[in-house]
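The values are calculated or read from the model by the stated rules, or taken from the named source; none is laboratory data. It should be emphasised that the depicted structure is a prediction, and the values quoted were computed from it without experimental measurement. Glycine gets a Cβ as well: all are built from the backbone with ideal geometry, and neighbour counts include every protein chain shown. These area figures cover heavy atoms from the full protein model, side chains too; ligands, DNA and RNA do not enter into them. Shrake-Rupley method; radii C 1.70, N 1.55, O 1.52, S 1.80 Å.
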Amino acid sequence: MLIAGNWKMHKGPREAAAFCRALRDAALPDDVDVVVCPAYVSLEAAVQVLADTEIGVFAQNCHWEREGAFTGEVSATMLREVGVYGTLVGHSERRQLFGETDESVAARVRTALAEGLHVIACVGETLAEREAGETDAVIRRQVGVLEHDENLVIAYEPVWAIGTGRTATVEMAREAHETIKALLDVPVLYGGSVKPDNAADLLAQPGVDGALVGGASLDVDSFAAICRAASREV
Ligand code: PGA
C-alpha cells in the first residue's frame, strides 16, 4: 500500500518542516509506503527533516526537458539534486487549469522516469465525461499514452470527487482500477476526497493499491489515520 499526500499550493518551508517533524514522530505502520508532495519551495525542508526515515518526498510536477528556456518550470535533474524521490505528473488541476495534455503528461512522465524519479501519474474523468458515458474511453486515452515502468504508479482520481467531499462508490473505483490494470500492470491509487472515515472501505477494494490524498493530508493526525487505515497489520 502507498499513501501519498498532495499538499497542492499549501505549506511554505516552515510549515512543511513542522509537519514533517510531526509525521516523523507519528506512529505509522511499517507495511505502508508513505509519501508527501510539498510545493517546490518546500521540498528541500521536507527532504532534510525526513532524511533518515522511510517517508518519501515527491514534487507535484516536473518538466520534460532537463534544462532550457522554460520560465517557471523545474526539471527532474533539479529535483534529484535536492534529494526528491519522485513526482506527481498530470494531476487534474494541471490538466484543467494549466493546459496539460495527454502528450505533455506522457513526456513529463518519460523524462522523470529516465532521470531516476518515481512517478505517480494521475488520470480520471470529469463529471461531464462520466455523465456522457465516456469514463472508460477517457481512462483508456489517458493511460494509453503511458508505458510500463517499475517506478510508475497511476492514481485514478475522478475529477468530480476531488475536493468536493464526493467519493466514487467502491464499485466505480474497482471498475476504473480494473480498466487501468488491464492496460498497464502497475500499482493504482485511488484519489478524490479520501478521508480517515472512508479510507478503509476504498482501500479494501481489489485493485486499489493505495490512495492519493489532498485536503485530508494537510493535517498530520488525519493523514496518519489514513496511513493506518491502509495497514494490513493487526
Ligand atoms: P482531495 O484531493 O483529497 O482534496 O479530494 C485529491 C487530489 O487532488 O489529489
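Of the residues THR179, THR71, THR169, the one with the largest accessible area comes first in the ranking THR71, THR169, THR179, computed with a 1.4 Å probe on protein heavy atoms. According to the square roots a ≥ b ≥ c of the eigenvalues of the Cα gyration tensor, what is the shape class of the range 87-225, taking rounded for a/c under 1.5, prolate for a/b larger than b/c otherwise, and oblate for the remainder? Since a/c stays below 1.5, the shape of the range 87-225 is classed as rounded.
In the assembled protein chains, VAL220 presents an accessible area of approximately 30 Å² (probe radius 1.4 Å). Remark: relative contact order (the chain) = 21 percent; criterion is Cα-Cα distance under 8 angstrom and separation of 6 or more residues. Accessible area per residue (1.4 Å probe, heavy atoms of protein chains only) ranks ASP33, ASP219, ASP102, ASP52 as ASP52, ASP33, ASP219, ASP102, with the largest value leading. In this simple spin-label model, placing a label point 7 Å from the Cα along the Cα-to-Cβ direction at both ARG66 and ASP25 gives a separation of 4.2 nm. Enclosing the Cα atoms of the chain in their convex hull gives a volume equal to 114 cubic angstrom per residue. Along the charge dipole of the chain, which of LEU183, PRO158, LEU97 sits closest to the positive end, that is, farthest toward it, with unit charges on the beta carbon of Lys, Arg, Asp and Glu (+1, +1, -1, -1)? Of LEU183, PRO158, LEU97, it is LEU97.
Each Lys or Arg adds one and each Asp or Glu subtracts one; over the other residues with Cβ under 12 Å from the Cβ of HIS118, this totals -3. One equal scatterer on each Cα of the range 1-140, no solvent, Debye formula: the resulting log10 I(q)/I(0) at q = 0.12, 0.18 Å⁻¹ is -0.52, -1.03. Long hydrophobic helices in the chain: none of the complete DSSP H runs spans 15 Å or more by Cα along its own axis with mean Kyte-Doolittle hydropathy of at least 1.6.
Between rounded, prolate and oblate, where does the range 158-234 land on the alpha carbon gyration tensor, with a ≥ b ≥ c its root eigenvalues, rounded for a/c under 1.5, else prolate if a/b exceeds b/c? Oblate is the answer for the range 158-234, as a/c is 1.5 or above yet b/c matches or exceeds a/b.
Using a simple spin-label model with pseudo-atoms 7 Å out from Cα toward Cβ, GLU115 and ASP221 lie 3.8 nm apart. With a cut-off of 17 Å on the backbone N, the residues of the range 3-18 near the modelled label site 7 Å out from TYR40 along Cα-Cβ are 7-13.
A 1.4 Å probe over all protein chains sorts TYR40, TYR156, TYR85 by accessible area into TYR85, TYR40, TYR156, starting with the largest. Let me have the 222 nm mean residue ellipticity of the chain computed from DSSP H runs of 4+ only, each contributing -39500 (n - 2.57), with the sum over all residues rounded to the nearest 500. Taking each H run of at least 4 residues, the total per residue is -11000 deg cm²/dmol. Of the trypsin sites (Lys or Arg not before Pro) found in the range 126-166, the ones in coil according to DSSP and having at most 16 other Cβ atoms within 10 Å of their Cβ are ARG166.
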